[in-house]
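K.L.:
Just passing along the structure, written as structure tokens.
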């Protein structure tokens, strides 16, 4: 589902926890996004307008589907005592970082004002984290422990995953998939409705046919999420340079960035170059945030 999927432990190809700590079950952390509205400064990174293609799938339907899948993931983790309890130090840390980032999400998607953001920590060796539509976030303990991430680096990961939800990449990918499938079945009817809501497509989503945890984003989606996440984190007072440090850690963990044309993800080297080019654009936002916190 996310940019970190390529770095998962190959010994655990599924999304269920493995070799997990014996954590007691807990209720998820919830935070309404409307409590604090960040300043209305315009975006500093250039990612263009969100794709109009996403309108083929209703946002509400996809968010409801995401909530059900999220509950299922948590239930599976709970059954294995792998869901971090209230008060777990790493979970407290994730909640604190999320509370700083969330106020800066609404400018990227007005729907975020209504989202009930939720953050959970799952005990697993996977180097992974993700955010479903509607603000449902999960971190796996492996990425925190094995990479020894500081708060700035965690904020970059969380901002990136939030950006996928804010820019509705899952909705766009599913819309394109559904349109392709619809065209093969319905001829020109779906094409004529590409920017409306086709009930046949809606039904396919509502029946749970979209597995959001296996959805792959494009290279452009990943680059966009890198930059939007960078800006959100900088506005919240997290060091922009941490984005580059994070990717260097990821490269070291993976052994190689790989060739960009062999993957839907940009290579680590290309990602670092793109991030470095955008650091000056968000540096002032970071400095303003630090002065405000001082």
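The values are calculated or read from the model by the stated rules, or taken from the named source; none is laboratory data. Computed from a predicted structure; not experimentally measured. Cβ coordinates were reconstructed from backbone atoms using ideal geometry, including for glycine residues, and neighbour counts include every protein chain displayed.
K.L.:
If you check 146, 78, which single one turns out to be over 18 Å from residue 212 (Cα atoms) and without any contact (Cβ under 8 Å) to a residue 60 or more places away in the chain?
P.N.:
Answer to the check: 78.
K.L.:
Could you tell me how many of the residues in the stretch 146-164 are in a helix (DSSP H, G or I), at pLDDT 95 or above and within 20 Å of residue 253 (Cα to Cα)?
P.N.:
Here the count works out to 10.
K.L.:
On the given criteria, is residue 123 under 24 Å from residue 252 (Cα atoms), modelled with pLDDT of 95 or more, touching a strand residue (DSSP E or B) at 6+ places or on another chain (Cβ under 9 Å) and surrounded by 22 or more Cβ atoms within 10 Å (Cβ to Cβ)?
P.N.:
Considered against the rule, which asks whether it is under 24 Å from residue 252 (Cα atoms), modelled with pLDDT of 95 or more, touching a strand residue (DSSP E or B) at 6+ places or on another chain (Cβ under 9 Å) and surrounded by 22 or more Cβ atoms within 10 Å (Cβ to Cβ), residue 123 comes out as yes.
K.L.:
Inspect all residues belonging to the stretch 48-63 and state whether any of them is over 21 Å from residue 223 (Cα atoms), in contact with a strand residue (DSSP E or B) (Cβ under 6 Å, 6 or more places away or on another chain) and surrounded by fewer than 24 Cβ atoms within 10 Å (Cβ to Cβ).
P.N.:
No, that holds for no residue.
K.L.:
Could you figure out which of (1) out of contact with any helix residue (DSSP H, G or I) (no Cβ under 6 Å at 6 or more places or on another chain); (2) at pLDDT 95 or above; (3) surrounded by 24 or more Cβ atoms within 10 Å (Cβ to Cβ) isn't true of residue 174?
P.N.:
Residue 174 satisfies every listed condition except (2).
K.L.:
Assess whether residue 66 counts as being surrounded by fewer than 24 Cβ atoms within 10 Å (Cβ to Cβ), at pLDDT 95 or above and farther than 23 Å from residue 282 by Cα.
P.N.:
Taking the combined requirement at face value, the residue does not satisfy it.
K.L.:
Moving to a separate point now. Regarding residue 106, is this residue more than 19 Å from residue 238 (Cβ to Cβ) and crowded, with 16+ Cβ neighbours inside 10 Å?
P.N.:
No; evaluated as a whole, the condition is false for this residue.
K.L.:
Still on this model: Any residue in the stretch 4-11 that is under 17 Å from residue 139 (Cβ atoms), in a helix (DSSP H, G or I) and at pLDDT 65 or above?
P.N.:
Within the stretch 4-11, not a single residue is under 17 Å from residue 139 (Cβ atoms), in a helix (DSSP H, G or I) and at pLDDT 65 or above.
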